[in-house]
Amino acid sequence: MYGSQADARLPSLPGNFPGSLPTPRFQIGDRVRWHPIPAEDFGVIVGLNYAPAPHLTEWHWQYLVWLDADSPSRAWMNSEVAWEADLELLVDSGSQATGLVDGSAEESEQ
């Protein structure tokens, strides 16, 4: 849809690009889950790009997540894209997601 009226609503490339890019929160290989969306999907980051986010009226990091075999949506798709604000890091055990890295999840008994 390049050259369409929809493109006119997209934000301009950030000034001083690429020097002005924020550091991505996640890296390829990080295990993540969707948050705060009430979904139980989780997987591993396999790609990222800096893209215009029309719903946020500016540019943000967007990630390609390869869904875990045990992720509920894996029954009908292998991967999904997500904006940075919709993901959080996981601590995992095998292929099962067990909690958040930042300590937001309940701590396990020691």
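General observations
- When the stretch 1-54 is filtered for residues that are modelled with pLDDT of 80 or more, out of contact with any helix residue (DSSP H, G or I) (no Cβ under 7 Å at 6 or more places or on another chain) and basic (K, R), the ones remaining, listed by number, are R31, R33.
- Count of the stretch 57-76 residues which are under 17 Å from F17 (Cβ atoms), at pLDDT below 95 and either hydrophobic (A, V, I, L, M, F, W, C) or surrounded by 14 or more Cβ atoms within 10 Å (Cβ to Cβ) (or both): 2
The values are calculated or read from the model by the stated rules, or taken from the named source; none is laboratory data. These numbers come from a predicted model, not from an experiment. No Cβ is skipped: glycine too gets one built from the backbone with ideal geometry, and neighbour counts run over all protein chains shown.
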